[in-house]
1. Based solely on C-alpha atoms, express the radius of gyration and the Dmax of the stretch 102-150 in angstrom.
2. Based on the alpha carbon coordinates of the chain, what radius of gyration and maximum Cα-Cα distance (Dmax) apply, in Å?
3. Compute the distance from the alpha-carbon center of the stretch 76-129 to that of the stretch 6-22, in whole Å.
4. Of Asn226, Thr183, Thr159, which is farthest on the positive side of the dipole of the chain, counting Cα position, with +1 on Lys and Arg Cβ, -1 on Asp and Glu Cβ, and the Cα centre as origin?
5. Among all helices in the chain defined by DSSP H, which have a length of 15 Å or more along the axis from Cα atoms plus a Kyte-Doolittle mean of at least -1.0?
6. Using the basic label-point model (7 angstrom from Cα toward the beta carbon), what is the Lys231 to Gln115 distance in nanometres?
7. Each label point is 7 Å from the Cα along the Cα-to-Cβ direction; what then is the distance between the points at Cys252 and Gln265, in nm?
8. Can you tell me what the convex hull of the Cα atoms of the stretch 43-158 projects to on average, as an area in nm²?
Amino acid sequence: MGNSSELCTDQLQHFATFGYIILRQLLTPEDLKILAVELDQGLDAQFPHNPFDGSQRHWSRMTDETTPFFASLMEDVRFLTPAQQICGEDVLGIGIDANRYIGDTGWHPDTGNAQQIAVKYIFYLDPVTAKTGALRVIPGSHLLQETERQIFSKGIQNTSLQEVPCQAINTVPGDVIAFDIRTWHASYGGGRNRRACNLDYFQNPKASDEIELLLQLGRSHASSVNHFDTKRKFNYSKNWLENPHQSQIRQCWIDRFNEIGYFDQLGVAEL
């Protein structure tokens, strides 16, 4: 590979066929140390009224000056370059979040639209296996089209969580999973503090209906702030929007978001 961040042909083929790939040890031990500190401090700061006790999931966007390494990862070529290979050169970094997961997560894709092109990364700061809450995917489910997706969805709803045929993805800290947002995924059997991080990249929409889908996504993400009752009541901070390090990549995203009115929606950006 000319660029060490690039996916090879076999990896791209695996992703296209099965809807996911595993990037082993993409993150360094030093990265993991910083991420662990920022995750703990960042989430604790968002829930002063509800300290984590394992009974409720904690979630927050990590896009401000209090978590600078997290905020920089969307522009990191280790994530951006594969996203561009998968989605096309013109992608938008939508966000990065941190979680303390608890319990089970039912089967779902991250979009209801079979034509929406995007990749999601997830990585855990602790080892996870099939017995301890590893991400599970249904290989190839991203290829289902509209009618097939509807039939498939009904079948999933009528099947118990653990009876759905799937692939559990065991990982250790440093490993990163990339999957198509149309891929059905779930988790079960895990403990009460699975520290995990997610990044999303979407193909830059051009048609009006594609733009509306992205705007809907922004509103949905904004509603998560209220759902999880974080102290921060927005997804993008003034600091991130001011682009203090003059990142050309981030500025292109900001300009495009402004152009389509993404930041004008309630709860998306800090006013």
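We did not get these values from a lab; they are worked out from the coordinates using the rules stated. For clarity, every value in this text was computed on a predicted model and none was experimentally measured. Cβ placement follows ideal geometry from the backbone for every residue including glycine, while neighbour counts extend to all protein chains displayed.
1. Considering the stretch 102-150 through its Cα atoms, Rg and Dmax are 13.2, 38 Å.
2. According to the Cα coordinates of the chain, Rg and Dmax are 17.9, 50 Å.
3. 14 Å
4. Ranked along the dipole, the leading option is Thr159.
5. Working: long enough: 29-46 (26 Å, -0.16); 146-157 (17 Å, -1.04); 208-228 (30 Å, -0.17); 248-260 (18 Å, -0.66).
Counting only whole DSSP H runs, the qualifying helices are 29-46, 208-228, 248-260.
6. Placing both labels 7 Å along Cα→Cβ, they lie 4.4 nm apart.
7. Once both label points are built, they end up 2.3 nm from each other.
8. Numbers: hull surface 38.1 nm².
Convex hull of Cα atoms, orientation-averaged projection: 9.5 nm².
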